[in-house]
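Here's the structure, in structure tokens; my notes come after.
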Amino acid sequence: MKWIRASLSALPLLATGGVAAFDVLQRKHALLWNFPVIGHFRYLLESIGPELRQYIVTSNDEERPFSRDQRRWVYASSKMENNYFGFGTDNDLEHTAGYPIIKQRTFSSVVPPSGIHAGEEVWLPSAKVLGAARGRAKAFRPNSVVNVSAMSYGSLSAQAVEAINRGVAICDAVQNTGEGGLSRHHRQGGDLVFQIGTAYFGCRDEQGRFDLARLKELVAGAPVRAIEIKLSQGAKPGLGGVLPGVKVTPAIAEARGVPVGQTCISPSRHAEFSDVDSMLDWVELLASETGLPVGIKSAVGADRFWENLVHEMATSGRGVDFITVDGGEGGTGAAPLTFSDSVSLPFRVGFARVYSRFARAGLTDRVTFVGSGKLGLPDNAMVAFALGCDMVNVAREAMLSVGCIQSQRCHTDRCPTGVATQDPWLTRGLDPTLKSVRLANYVRTLRRDLVKVSEACGVYHPGLVTADDIELLDGTRSGRSIREVYGYEPGWGVPSDADREALHALLSRTAPEGGGAPASPARV
Ligand SMILES: Cc1cc2nc3c(=O)[nH]c(=O)nc-3n(C[C@H](O)[C@H](O)[C@H](O)COP(=O)(O)O)c2cc1C
Ligand code: SF4
């Protein structure tokens, strides 16, 4: 009897031991690997979350930066699970100013397919050839309108960088290195955009000065398709950064070209140029020396910079090949709260201002416009395309797809899922091979949804959705088209006739057509 009682009381211990053993042996969930047994509580809470929240906590759409619904959509998409939602929207359409509504067409020759996974393999290239307008030797048409935004090795773990790089190789997208240099983890088969920040990591000499020879050697030795000069990012515009010495591991030091263990500073301004004129000289130098398209990334603040850029591009024969406009709502590894909250315009307002300047000067066909700032969700991305974006970059949504749970501890080096930390104990649970597939699934699903929604609007590519096709609601009182709200003129926000024709010729429709039921005898 005694031994029965003893074995019964040992049962919970045994069960816990079993669960712990399972957790450390599995590779699917970094969280469980890092936090055996207790990690299950997070999944339990997530699964009973709707019931709990309905009575006591927050709604599906309250949390920020990404609501529970948005995160659920990314998670389900990255796992190729059912990412549909039941019962109807729980968004507060009636009271959310600026809520976007995409206007479907009743009759159209373009019909979206209905299956959940239909069209995932669809090819969705950019409508513009990057660098063609300025005749760059290595101009190319990006194969994907969705690409991974700049996130440096240092803010992300080696495993996360590898997962993303392998993932973009699977789904034919491009990974931006971020300003932390080009590491061996970026060399897993995926194409790259090499970002140059103010510290010139990866292309600097021993004194920290920009080194053109090193840049040429670096981009020639890796699948770099373009160079992005970082002027600023939405979450901390106008401000440099610091990577503490403890985080400067040998691998990070190697990628950045800095001494191991020494704190490295990214200054707040570039040393190679000090105004638009000298910046464009530098852009032309980099482009002619490497043959690559060269662009800038910037958040939108004071108008003067954009005014000067448009003026110089219209009059001097020099210019950037692409502009990445990052919204103030964008993410970061770490930033002061005021900068994240209040410096630089949010994406829609900022992008519309920049695009309008270029449109008024007749320059939009000479530049590829890239947007970022929570654009990794189909509705936000559609607004970006309607405003004139040719491509969107995704950062935090890509992190979510490789396991991030939005615990917002990226700045502490204690990321529980191993995505944004250099702690070997925490990163070992993140399996780059498994997560690369998740990243690819997510990107493919986003592209598929962009095509589906475009087709609902009667066109086959999101770049062809116009500023008249989306309205922003003013509660239940009225809705105004994006064209009206942002003062767009007819023809703005879509590619030129020549680009549209080229796109049309290229897109042999790979997506399954939706069509309708067979016609009744009276109709045939
Ligand atoms: C962890 C992390 C690291 C980042 N590192 C960089 C960087 O090195 N260079 C840069 O230009 N932007 C960087 N960003 C900003 C993103 O590239 C992107 O512009 C911004 O997060 C908006 O996109 P999202 O809303 O899809 O996250 C970083 C963002 C995050 C979350
Ligand atoms: S710290 Fe939290 S928010 Fe940052 S990457 Fe890790 S899980 Fe995501």
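The values are calculated or read from the model by the stated rules, or taken from the named source; none is laboratory data. Please read all numbers here as calculations on a predicted model, not as lab measurements. As a convention, Cβ positions derive from the backbone with ideal geometry for all residues, glycine included, and neighbour counts pool all protein chains shown. Surface accessibility is based on the protein's heavy atoms, side chains included, excluding ligands, DNA and RNA. Shrake-Rupley method; radii C 1.70, N 1.55, O 1.52, S 1.80 Å.
With the largest listed first and rounded to whole Å, the semi-axes of the equivalent ellipsoid of the stretch 352-475 from the Cα gyration tensor are 34, 17, 13.
Could you sort Val383, Val494, Val242 by their accessible area in this structure, using a 1.4 Å probe and putting the largest first?
From most exposed to least exposed: Val242, Val494, Val383.
Using only Cα atoms, what is the ratio of the radius of gyration of the stretch 1-150 to 2.2 N^0.38 Å?
Ratio of Rg to 2.2 N^0.38 Å for the stretch 1-150: 1.64.
Cross-link partners among aspartates and glutamates for Lys435, C-alpha distance below 14 Å, same-chain residues fewer than 8 apart left out? Lys435 reaches Glu162, Glu397. A straight line joining the Cα centroids of the stretch 27-41 and the stretch 112-135 runs 37 Å.
Between the listed residues Ser481, Tyr442, Val402, the Cα displaced farthest toward the positive end of the dipole of the stretch 369-504, a dipole computed from Cβ unit charges relative to the Cα centre, is found at Val402. Given +1 at the Cβ of Lys and Arg, -1 at the Cβ of Asp and Glu and no other charges, the dipole of the chain around its Cα centre is 1240 debye to the nearest 20. Accessible surface comparison of Lys216, Lys2, probe 1.4 Å, protein chains only, largest first: the order is Lys2, Lys216. Annotation note: GluC sites (Glu not before Pro) in the stretch 193-229 located in DSSP loop regions with a Cβ neighbour count of at most 13 within 10 Å are Glu206. When all protein chains stay in place and ligands, DNA and RNA are ignored, the 1.4 Å accessible-area order of His29, His504, His117, largest first, is His504, His117, His29. What residues of the stretch 386-405 lie in the reach of a label at Asn91, counting those whose backbone N is under 16 Å from a point 7 Å from the Cα along Cα→Cβ? Backbone N within reach: 386-387. So, in Å, what gap is there between the alpha-carbon centers of the stretch 473-494 and the stretch 392-415? The stretch 473-494 and the stretch 392-415 have Cα centres separated by 33 Å. Counting heavy atoms of the protein chains alone, Thr412 has an accessible area of about 60 Å² for a 1.4 Å probe. The calculated 222 nm mean residue ellipticity attributable to helices in the chain amounts to -11000 deg cm²/dmol, summing -39500 (n - 2.57) over DSSP H runs of n ≥ 4 and dividing by all residues.
With contacts taken as Cα pairs under 8 Å at a separation of at least 6 residues, the stretch 213-370 carries a relative contact order of 27 percent. Over the Cα atoms of the stretch 211-309, what is the Rg over Rh ratio if Rh follows Kirkwood? Across the stretch 211-309, the Cα-based Rg/Rh ratio is 0.99. Only Cα pairs under 8 Å and 6+ residues apart enter the sum, and on that basis the relative contact order of the chain stands at 21 percent. Once divided by 2.2 N^0.38 Å, the Cα radius of gyration of the chain becomes 1.01.
Dipole orientation for the stretch 118-235: of the candidates Gly181, Tyr200, Gly131, Gly131 has the Cα lying most toward the positive pole (charges on Cβ; Lys, Arg +1; Asp, Glu -1). Report, in whole Å, the centroid distance computed from the Cα atoms of the stretch 218-262 and the stretch 290-368. Cα centres, the stretch 218-262 to the stretch 290-368: 21 Å. Spin-label model, Glu206 to Ile48: label points 7 Å out along the Cα-to-beta-carbon direction sit 6.3 nm apart. For the stretch 171-253, the equivalent ellipsoid derived from the Cα gyration tensor has semi-axes of 20, 16, 14 Å, listed largest first.
Ignoring the sites themselves, the chain has its longest run without chymotrypsin sites (Phe, Trp or Tyr not before Pro) in a DSSP loop having at most 15 other Cβ atoms within 10 Å at 124-524. Counting only residues at least eight positions apart within a chain, or on another chain, the aspartates and glutamates with an alpha carbon under 16 Å from that of Lys230 are Glu179, Glu272, Asp275, Asp281, Glu284, Asp321, Asp326. In the complete set of protein chains, residue-level accessible area for Cys410 is approximately 40 Å², probe 1.4 angstrom.
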